[in-house]
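See structure below.
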């Protein structure tokens, strides 16, 4: 078994550190994208909730109320799918 020279040990340590910091950088990029996505979702949800709550007091008819409620929940599935796709994209690029 041959012993490694100090230069080989230093090169090996440098390569290991470079790999470690490269991976750490990728992880932080993924976390940063995830946080940005979640902030975007919270902001849009709050804005939509505010808009919907301002419409609710004007409804006097039960049918009008149910129509308004259906309008609130209909886009939810589409937005959930969009969020899931974006989350998957972030996860796959971070991988």
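Bear in mind these aren't lab numbers, they're just calculated from the coordinates by the rules spelled out. From a predicted model like this one, the values you see are computed outputs, not experimental measurements. Every residue, glycine among them, receives a Cβ derived from its backbone with ideal geometry; neighbour counts consider all protein chains shown.
The alpha carbons of segment 15-62 stretch over 70, 14, 6 Å along the principal axes, in descending order. Angle of helix 62-94 to the longest C-alpha principal axis of the chain, folded into 0 to 90 degrees and rounded to 10: 10°. As an equivalent ellipsoid, the chain spans semi-axes of 55, 12, 5 angstrom, where each value is the square root of five times an eigenvalue of the C-alpha gyration tensor, largest first. Centroid-to-centroid, using Cα positions, segment 12-27 and segment 62-95 are 38 Å apart. For a paramagnetic label modelled on residue 43 (point 7 Å from Cα along Cα→Cβ), amide N atoms under 16 Å away belong, within segment 50-73, to 50.
Shape class of segment 1-41 from the Cα gyration tensor (axes a ≥ b ≥ c, square roots of the eigenvalues): prolate, since a/c reaches 1.5 or more and a/b is larger than b/c. When the chain is treated as a Gaussian network with alpha carbon springs shorter than 10 Å, the biggest mean-square fluctuation among 39, 23, 53 belongs to 53. Helix 6-55 versus the longest principal axis of the chain: what is the Cα-based angle in degrees, 0 to 90, to the nearest 10? The angle comes out near 0 degrees.
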